[in-house]
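What follows is a set of notes on a single structure, which appears directly below.
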Amino acid sequence: MTVQPPFRIEPLDPAKHRREEFDCGVPILNDYLKTRARKEMEARVAVCFVAVPEADPGCVAGFYTLSSATVLATDVPEELRRKLPRYPEFPATLLGRLARSLQFKGQRLGDRLMISALERAVAGASDIASWSMVTDPKDENARRFYAEFGFSSLNEHRMFMPLKMAADWLKAKAP
C-alpha cells in the first residue's frame, strides 16, 4: 500500500514553484504551466493554483486554473432556467485547466484538485455571484472525470455544475 503524501494547494508563485519540472503527459498543459500561467495571473485573466507536497513545497504535483465566465441562458436546460431570473446570461466560474503530474499518478490528486476548485468557487460565490462552475473537457477521459463529480453537458463543448449542487455535494462528502 502506497502512503499518500500530504499536499497543500496554494496560488502559483513563480519564484517558489518549479514549473519547468512539471509533466502531466499532455504537452499543451505542461506548456501552459511553464509559459503562460504566470502571464495570465499578471494580466488577471486567470488564477493558477498548484498542489505541492508538504515535504517539497517547490515541486508542482498538479494545478488548476479559475477565471470568470458567463453561461448563456439559452444553453441552460429548461428545468433549471425556469428557476432563474430572466437574464440573457448568468455568471459562472470557469475551471480552465486541471492537470496532475505523472509522478503522482494513482494518488487521487486529480480528485483533490477538483474538490479544491469546487470549494474555492462555492466560497467565492458568496462575495462575487457565480451561478455555476463550467469547464471545457479536452477529451472523453476528461469528460468522464468531470461527470464523476456531477458535471453535465451544457452544450457540445462545455460541461457545468450549478454551485448550489456543488455546495450540497461538498457537504455530503465532508467527513
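Any read-out appearing in this document is the output of simple, stated calculations on the displayed coordinates, not a laboratory observation. Quantities reported herein were computed from a predicted structural model and do not represent experimental measurements. Note that we place each Cβ from the backbone using ideal geometry, even for glycine, and neighbour counts take in every protein chain shown.
Conditions (1) of a type in the set (Ser, Thr, Tyr); (2) under 16 Å from Ser67 (Cβ atoms), marked per residue:
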site: Pro85; (1), (2): no, no
site: Pro88; (1), (2): no, no
site: Leu94; (1), (2): no, yes
site: Leu98; (1), (2): no, yes
site: Phe104; (1), (2): no, no
site: Gly110; (1), (2): no, no
site: Ala117; (1), (2): no, yes
site: Ser130; (1), (2): yes, yes
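Taken over the stretch 123-135, the residue count meeting the criterion of being surrounded by fewer than 16 Cβ atoms within 10 Å (Cβ to Cβ) and either within 19 Å of Lys83 (Cα to Cα) or not aliphatic (A, V, I, L, M) (or both) is 4. Can you spot a residue in the stretch 44-55 that is touching an Asp or Glu at 6+ places or on another chain (Cβ under 8 Å) and part of a loop (DSSP other than H, G, I, E, B)? Taking every residue of the stretch 44-55 in turn, at least one turns out to be touching an Asp or Glu at 6+ places or on another chain (Cβ under 8 Å) and part of a loop (DSSP other than H, G, I, E, B).
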